[in-house]
Amino acid sequence: MVRVTNSTTPCADVVLPCLDEAAALPWVLARIPDGWRAIVVDNGSTDGSATIARAHGATVVHEPRRGFGAACHTGLLAAEADIVCFCDCDASLDPGLLAAFVRTVAAGDADLVLGRRRPQERGAWPVHARLGNLALTRMLRRRAGLTLGDLGPLRAARREPLLALGLTDRRSGYPLQMVVRAADAGWRIEEREVPYRPRTGKSKVTGTWRGTWHAVRDMRAVLRQPPEARALATGARAAR
């Protein structure tokens, strides 16, 4: 039986990688669609993030290995819903926007829906982070033939096909590896514009040139990996 949040939107699990996001969590969790499960993956927080997440109704799982990809994948493994979403936990993106993504995936109109970030205020997206993102999207076009404007963290896809992609990156390259392997598997990938707000607190990745460089380095390593077998597409096709 498929649970729904309303007459048109199936329920989903939302993976929220978290490292010291106590100030942002109440805003983020208040915007999770009714009936959905928020999975906050505590990646070693020292500010009480896990306690705050539980107090606001989230499921909390712990991933002691530091790394954005490690937290995301632990959340994916903890998910149970047919459709799984990902969202940053810093209040820069509204998880309520994922309802439209989920409807698209559930209808079979796309296998992976990505949010293309559009800054709403000055300073929401630092110049060095934008430049790094631009370089990576150009490399992605050459590597996989995908014309995307962003590699943003807001996304939705079916859980079993995601697991079948065999994602191995546990650092900043995880979001890109998901897109690359999905493209190699023949998935239909759709991109939608989403408003992007200044994050609450300091970024652990794109807040500095050094953090951005490490993220770009991780993602370039992903782009150098050989293409995955297109047989991975069977997972996405079987789920539709």
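The values are calculated or read from the model by the stated rules, or taken from the named source; none is laboratory data. Because the structure is a prediction, the values reported are computed rather than measured. We place every Cβ from the backbone using ideal geometry, glycine too, and count neighbours over all the protein chains shown. Heads up: the accessible areas ignore ligands, DNA and RNA and are worked out on the full protein's heavy atoms, side chains in. Shrake-Rupley method; radii C 1.70, N 1.55, O 1.52, S 1.80 Å.
The mean accessible area for residues of region 24-141, using a 1.4 Å probe and ignoring ligands and nucleic acids, is 41 Å² per residue. Quarter the surface of the alpha carbon convex hull of region 21-72 and you get the mean projected area, 3.4 square nanometres. In terms of packing, defined here as the mean over residues of other Cβ atoms within 10 angstrom, the peptides 25-33, 136-144 line up highest first as 25-33, 136-144. Scaling the Cα radius of gyration of region 105-181 by the globular reference 2.2 N^0.38 Å produces a ratio of 1.18. Residues whose amide H lies under 5 Å from that of S172, counting only those 5 or more places away or on a different chain, are F68, G69; hydrogens are built 1.01 Å from N in the peptide plane.
Taken one residue at a time, the phi angles of region 76-84 give Karplus couplings (6.51, -1.76, 1.60, θ = phi - 60°) of 4, 5, 7, 5, 10, 5, 5, 10, 10 Hz. Gly and Pro are set to x. Backbone amide hydrogens, once placed in the peptide plane, bring D47 within less than 5 Å of D20, excluding anything fewer than 5 places away on its chain. Rolling a 1.4 Å probe over the protein heavy atoms of region 93-165, with every protein chain left in place, gives an accessible area that is 46 percent carbon and sulfur.
Database remark: amide H of R116 closer than 5 angstrom to the amide H of R192, E193, V194 (H placed geometrically; neighbours at sequence offset of 5 or more, or on other chains; Pro and chain starts carry no H).
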